[in-house]
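Worksheet: the structure to be examined is printed underneath.
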Amino acid sequence: MAERARLEQVRDGRAVTKDTDPEFWFHIQRAILLALKEDGILSEAQLRQAEEILCQRRRSGGAERGGDAL
């Protein structure tokens, strides 16, 4: 049986956004991409392309504001 992540506790509840927590936002988006690949929704090539876009946005400081999604 595969392990699943679950929320155990909320501390100091606050909004988490790409502006307030860019590093966390990056890792959440990457985790979603990896999950999509694992579920067979993305191919290896699609994953690599999406990760490259994600990394480019990270390097540019999120300057590309064309939308939140990849």
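Each reported figure results from applying straightforward, stated rules to the coordinates on display, with no laboratory input. Note that the structure is a prediction, hence the values are computed from the model and not measured. No Cβ is skipped: glycine too gets one built from the backbone with ideal geometry, and neighbour counts run over all protein chains shown.
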Item checked: R0 of 30 Å, Cβ-Cβ distance Cys55-Gln9: FRET efficiency to nearest 0.05 -> 0.45
Next item on the list: Mind listing the long-range amide H neighbours of Leu42? Cut-off is under 5 Å, sequence gap 5 or more, other chains count too, H placed in the peptide plane at 1.01 Å from N.
Entry: Lys37
Checklist line | Cβ-based exposure ranking for Asp12, Asp21, Asp39, in which fewest neighbours within 10 Å come first | finding: Asp12, Asp39, Asp21
Notebook entry, point to check: Exposure proxy check: Glu23, Glu51 ranked by fewest other beta carbons within 10 Å?
Noted result: Glu23, Glu51
